[in-house]
Amino acid sequence: MGVEPAGGPPRLLSVLSGKALRQVPTATGRVIGQTCDMATSKLPLWRPAGKLLLLVGATLALLTAGCTVWRLGEARSLARASEPYQQQPQQAALRMLIVGDSTGVGTGASHPGASLAGLLGAAYPRLALENRARDGARFEAVPAQIAAASAQGGYDIILISAGGNDVIRGTDTAVLARWLDDSFVSAKARLAPGGQVVIQPPGMVGHAPFFLPPISSLMNSRATEMHAAVRAAAARHGVRVVNMARAKDADPFVQRPEMNADDGLHPSDAGYRVWRDELLAQTDLVERLAPAAR
């Protein structure tokens, strides 16, 4: 998601001073957790009020840019550490395939068992669970992930967990609709008789602490378009949709900060438990997965 600065370590521009706990160099300041360390600089202003306003504005800009870069670093670290949960019991009752992006991988969870896939595997020990999701994937990558899946007899459930990267990268709506159609056609072709395809995109992406105004509003606008495209494509193909979108005052990821991982972008262990609960509550998977529970 982020772009590394070119040409070696950037020269720091600073306007304030602060106490440092942890420092990550950026192009504009030093980020310490979610705060920034900056040094005093003389500004060519002759009016105290104007100088103060410019100082405050520059400081806010530096804080925003610096903290964003720190969170990008945290997101990269979490992605590098993430590992998709899989299980292959000897006497599997059902087969499930998970494809998509980092939410399918479980990025942000403290260990693979705390991811959405890991939680499902723990609750259903006779569920053969293959996970082809990859960090950074958009819907464009889903058909290839499905094609790489190994089961010969098809899957009883295919879960597509994606959409966030299409929001962040601004995938064109017409292109998104085509990618969704391709994904759903590919998924349905790999189902066992009576199987079900489920899609669980993220909620209002702009609600993530990672994004600050006005970018958060842009992300929510794109998320609304993504959700509409998902619903329309799902209706065309008979795919079940899990709706994670909530108003800000009803969004658990806003009301309970512990739902978010350290990068402010991915779910935490507690956040993935919410994803699991919504998946089971909004579908018939409790009934479908029952044979794999014993």
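The values are calculated or read from the model by the stated rules, or taken from the named source; none is laboratory data. In this text, all values refer to a predicted model and were calculated from it rather than measured experimentally. When we count neighbours, we look across all protein chains shown, and the Cβ atoms used for this are built from the backbone with ideal geometry, even at glycine.
See the values below:
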| item | result |
| --- | --- |
| Of the criteria (1) within 27 Å of V185 (Cα to Cα); (2) surrounded by fewer than 19 Cβ atoms within 10 Å (Cβ to Cβ); (3) in contact (Cβ under 8 Å) with a residue 60 or more places away in the chain, which one L280 fails | (3) |
| Whichever residue in region 77-133 is part of a strand (DSSP E or B) and β-branched (V, I, T) and, among such residues, is farthest from A290 (Cα to Cα) | V99 |
| Helices (runs of 4 or more DSSP H) contained entirely in region 175-294, each with at least 1 residues that are in contact with a Phe, Trp or Tyr (Cβ under 8 Å, 6 or more places away or on another chain), aliphatic (A, V, I, L, M) and closer than 21 Å to A114 by Cα | 269-281, 285-289 |
| Qualifying residue in region 174-183 (condition: assigned by TED's automatic domain parsing to the domain that holds L120 and closer than 24 Å to P291 by Cβ) | no |
